[in-house]
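Following: one structure in structure tokens, then a few remarks.
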Amino acid sequence: MVCTKLVSTRVFSIASCLCGSAPCLLCGCCPSSNNSTVTRLLFSFFLLLGTLVSVIMILPGMETQLRKIPGFCQGGTTIPGIENHVNCDVIVGYKSVYRMCFAMACFFFLFSAIMIRVKSSKDPRAAIQNGFWFFKFLILVGITVGAFFIPDGTFHDVWFYFGIVGSFMFILIQLILLIDFAHSWNEVWVRNAEEGNSKCWFSGLLFFTILHYALAFAAVVLFYLYYTKPDNCAEHKFFISFNLILCVIISVVSILPKVQDASPQSGLLQSSIITMYTMYVTWSAMTNNPNRECNPSLLSLVSNISTTEAMPTSSPGMVQWWDAQGIVGLVIFLFCTFYASIRSSSNAQVNRLMQTEEGKGTVGGEEVGEDGLRRVVDNEEDGVTYNYSFFHFHLLLASLYIMMTLTNWYKPDTTTQAMQSTMPAVWVKISSSWLGLGLYLWTLVAPVIFPNRDFN
């Protein structure tokens, strides 16, 4: 009887978390967590779930396998007396990715609009933000189902340009998060070095700084070797050289005496991470060049096959979905999404850019319910620790970035059912790297230019 009562209490508690605004329960082995952190992690989980579905839908050969299911796909295996109704050309491939990411973008746009100007958890809308997870999931599923009924028409062309703009903005956000991560990393290790065993911690900082610069330099050499030609690829030569010069400039500026005096937390570790990320964005941009002589496939590089033999220019519909830069992009995306959900930064400039505030909100202790189970602590009664609306806008941009990454930034051609590389995608990525480097340079020189302002 006692056991039955305990089980029913547990089920009721979980139901209140999924269907109501009550704080979610934590399992006994989990540490007590803040409401703001758990909410961001759950919304990020929705994004990752949509990403996983998109990855499955775009797997090579998925349409062929679906057509083998009797009575499912139009034009596939049939069952006598049953008509195949499903258009498998839409539910797999780039069309499915566009629709899935469209649904996620609409979902996060909806919550971004609802959560405008929420100041604390006392606002009734905060209950929607921090609870009702089952209904949120149903809303996402409903929007997704509806997205697959959108007629082809110009949808893919229009949404491609939305993806270009959104991805441009998300690359900047990724760079801001990497700057924040580098600052936090440097701050923690320097503090540990000052407290004891300084030789070990400073050696670690030196090792990773050299490693990052070595990887970036190796990337530059490989870029010149494989992505340029003596009498061709002038754009690539400019991209590599110009970004290399900019990275050298920010590295030198970060250790100038005046910059160090105004911002003691700045240093070469941060610059090395930004340099390495800039080289990744440069590489990613060059892989979207429609000129195959300047853009060899990874397969041709590994097997030492001529690029013109591996992928003829006359075959724009040939798409290599799972290339190396796409995989690296997904890894960086996963890291930045998780970091954005748990970050608590002391960098005032980054907090201002990311619409978060250090130390704001109530610091609560561990909350235990009457049944002895831990609950999430509401740490936002006096003020939110992050901008609800901006957080959802950030996830909206992440949805668009995932769409472009999974389709390799190719432009869909609905007349030929092909995917084509475009120069606009190249320039969007390169310009985002320039703007990102400019933002990082600003975080270095702003305390020097405005000494009377508090940037610490």
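Taken over the stretch 265-286, the criterion of being within 19 Å of the chain's Cα centre (by Cα) and either among the hydroxyl-bearing types (Ser, Thr, Tyr) or open to solvent by less than 60 Å² (accessible area, probe 1.4 Å) (or both) is satisfied by ILE273, ILE274, THR275, TYR277, THR278, MET279, TYR280, VAL281, THR282, TRP283, SER284, ALA285. Taking (1) open to solvent by 30 Å² or more (accessible area, probe 1.4 Å); (2) hydrophobic (A, V, I, L, M, F, W, C); (3) within 16 Å of MET403 (Cβ to Cβ); (4) without any contact (Cβ under 8 Å) to a residue 60 or more places away in the chain in turn, PHE168 satisfies each apart from (4).
Only one of the numbered conditions (1) modelled with pLDDT under 85; (2) more than 30 Å from SER36 (Cβ to Cβ) is violated by PHE455, and that is (2).
Residues checked against (1) over 21 Å from the mean Cα position of the chain (by Cα); (2) without any contact (Cβ under 8 Å) to a residue 60 or more places away in the chain; (3) open to solvent by less than 20 Å² (accessible area, probe 1.4 Å):
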site	(1), (2), (3)
ASP123	yes, yes, no
PHE134	yes, no, no
ASP157	yes, no, no
ASP180	no, no, yes
ASN192	yes, yes, no
PHE217	yes, yes, no
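Taking the stretch 229-264 as the range and being open to solvent by 20 Å² or more (accessible area, probe 1.4 Å), polar (S, T, N, Q) and either under 28 Å from the mean Cα position of the chain (by Cα) or closer than 13 Å to TRP283 by Cα (or both) as the test, only SER241 passes. Starting from the stretch 44-60, keep only residues that are in contact (Cβ under 8 Å) with a residue 40 or more places away in the chain and open to solvent by 30 Å² or more (accessible area, probe 1.4 Å), then list their pairs with residues that are among the polar types (S, T, N, Q) and assigned to a helix (DSSP H, G or I) whose Cβ atoms are within a distance under 6 Å, requiring at least 6 positions of separation or different chains. Cβ pairs passing all conditions: MET57/SER96. Pairs linking a residue in the stretch 425-454 that is within 15 Å of MET286 (Cβ to Cβ) and among the aliphatic types (A, V, I, L, M) to a residue that is part of a helix (DSSP H, G or I) and open to solvent by 10 Å² or more (accessible area, probe 1.4 Å), with Cβ atoms under 6 Å and 6 or more positions apart or on different chains, are VAL428/ILE164; VAL428/PHE168. Among the numbered criteria (1) under 19 Å from the mean Cα position of the chain (by Cα); (2) surrounded by fewer than 15 Cβ atoms within 10 Å (Cβ to Cβ); (3) modelled with pLDDT under 85, which one does TYR410 miss? It fails just one condition, (2). Checking every residue in the stretch 195-213 against the condition of being of a type outside the set (S, T, N, Q), at pLDDT below 85 and closer than 29 Å to ASN34 by Cβ gives at least one match.
The values are calculated or read from the model by the stated rules, or taken from the named source; none is laboratory data. Worth saying up front: this structure is predicted, and the values here are computed from it rather than measured. Backbone-built Cβ (ideal geometry, glycine too); neighbour counts: all protein chains shown. With ligands, DNA and RNA removed, areas are computed over all heavy atoms of the protein, side chains included. Shrake-Rupley method; radii C 1.70, N 1.55, O 1.52, S 1.80 Å.
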